[in-house]
Structure formats: C-alpha cells, structure tokens
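Inspection log for the structure reproduced underneath, given as structure tokens.
Every read-out reported here was derived from the displayed coordinates using simple, explicitly stated rules and does not represent laboratory data. Model, not experiment: these values are computed from the prediction. Glycine gets a Cβ as well: all are built from the backbone with ideal geometry, and neighbour counts include every protein chain shown.
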Amino acid sequence: KEDLYQLEKSLGDILPKKRYLHSLGVMTTAFSMALVHDADYEKALIAGLLHDCAKYMTGEEMLTECITNGVPVKQVEMLKPDLLHAKLGAFYAKSVYNIEDEEILSAITWHTTGRPDMTLLEKIIFVADYMEPNRTSSVIPNLDNIRKLSFENLDKAVYQILGDTIAYLMESGKLIDETTADTYDFYKRKLC
Ligand code: DGI
Ligand code: FE
Ligand code: FE
Ligand code: FE
C-alpha cells in the first residue's frame, strides 16, 4: 500500500511551496468530504495529495512531456497547455508514484474540467481542489456557499463551481474546454 508520508516527502521536493501547501489542503479537505459522503478516504487522501503533481513546469514543458510519453493532447490543450497538468498528473501518479488504482487516476485526470456523470471520488477531488482552506474568498465568488454545499449536496457544489468557473473564463475571454461546458450542462440537467 502506498505510504502517504513517503508521497508527501516526494511531492514536497518537487512542487513549489504554495502548490505543495495547496496539495496538502486538498488532501485533508478530500479526506473530510470522503467521511461525510461515504467514499474511500484513503483514496481521497492520495488523489488529493497527488492531483497537481505535474504542476511544477511550464505549459510548453507539459506539452512536450505529453507528446514524449504518448499522453493524448486535444486541440484546446495545444492552445491552453496548462490544462494538461491534470492528465499528465495522472500519468505521473502511475509512472512515478506507482499508483495503480483507476479511481484515483481518473479523479486526477478530471480534476480541472470535471466530466459528465463523475464518480463520487472525482466529484470530491474536483470540489476539494476549488475550496480547500488556502483558497481565499476575496478572489473566489460564493466560496462560503460552496464550502457549505460540499458537505451537504455534492452535485450542487459541482454545479455552482462550474457555473462560476465558466463565468470567469468568459469574462476574461479564455477558451473553454468542451468537457468543462459538457460537465456544466450535465449537472444543470441533473439538478433542474
Ligand atoms: O491546478 P489548480 O489551480 O489547483 O486548479 P485547476 O486544476 O482546477 O485549474 C484551475 C484553472 O483552470 C482555473 O484558472 C480555471 C482553469 N480552467 C478550468 N476549466 C477550464 C480552464 N481554463 C480554460 N482555458 N478552459 C477551461 O475549460
Ligand atoms: Fe489542478
Ligand atoms: Fe479545479
Ligand atoms: Fe489543485
């Protein structure tokens, strides 16, 4: 079984300090959410800790790493290669940190865009990433509401996050990955 302490040490050596502290925040937040929602808390800990394990290089380097290692790259990811840290993170989780569990790997893969009909663990990591304690409400709208929803109604938390993320992306004129849009539509339909 993967030793959380060893994983923490390795990540602390490779991630920038703030990114490492964020990862610890997602880990403990995902742990709490797993307890409330009856998910596997050991998987939540590992997925939370490792979700950004590729986020220590530039977008260009991520693109090169994906191409070199046969990780498929979509068109929107060529234009916004930062998006690749999720998929590349899942690749590293397996190849560098020896995580074989497909539930953990898919939670890492989908943590940035989400995907329609997410698994419980995918939703937990998606939400924990957004609202862990180091995120501050001065930059993130509805943070208090999302923190409350995350323990009460996970689908509503996912929906609110996607709505706010898409609004932010549109305001700042950024490209929207079709998976982000599809995920929003899925949860809108599911809830309304
Ligand atoms: O890696 P983190 O910063 O912890 O969090 P994340 O992996 O959820 O990435 C958040 C960023 O990703 C945030 O600035 C919004 C952006 N993002 C999410 N969906 C899309 C997107 N960016 C673009 N261009 N298109 C998307 O669909
Ligand atoms: Fe991320
Ligand atoms: Fe996210
Ligand atoms: Fe993150």
| request: Take I146, I104, I161 and order them by how many other Cβ atoms sit within 10 Å, fewest up front. | output: I146, I161, I104
| task | Would you compute, for the Cα atoms of the chain, the largest minus smallest coordinate along each principal axis and list the three values in descending order, in whole Å? | result | 41, 37, 30
| For M62, M118, M170, order by how many other beta-carbon atoms lie within 10 Å, fewest first | M170, M118, M62
| field | Ranked list, fewest to most other Cβ atoms within 10 Å of each Cβ, for R19, R147 | value | R19, R147
| field | aspartates and glutamates with Cα under 16 Å of K43, excluding same-chain neighbours fewer than 8 positions away | value | E2, D3, E8, D52, E100, D101, E102, E103, E122, D129
| query | How big is the Rg/Rh ratio for the range 93-192, C-alpha atoms only, Rh by Kirkwood, two decimals? | reply | 0.98
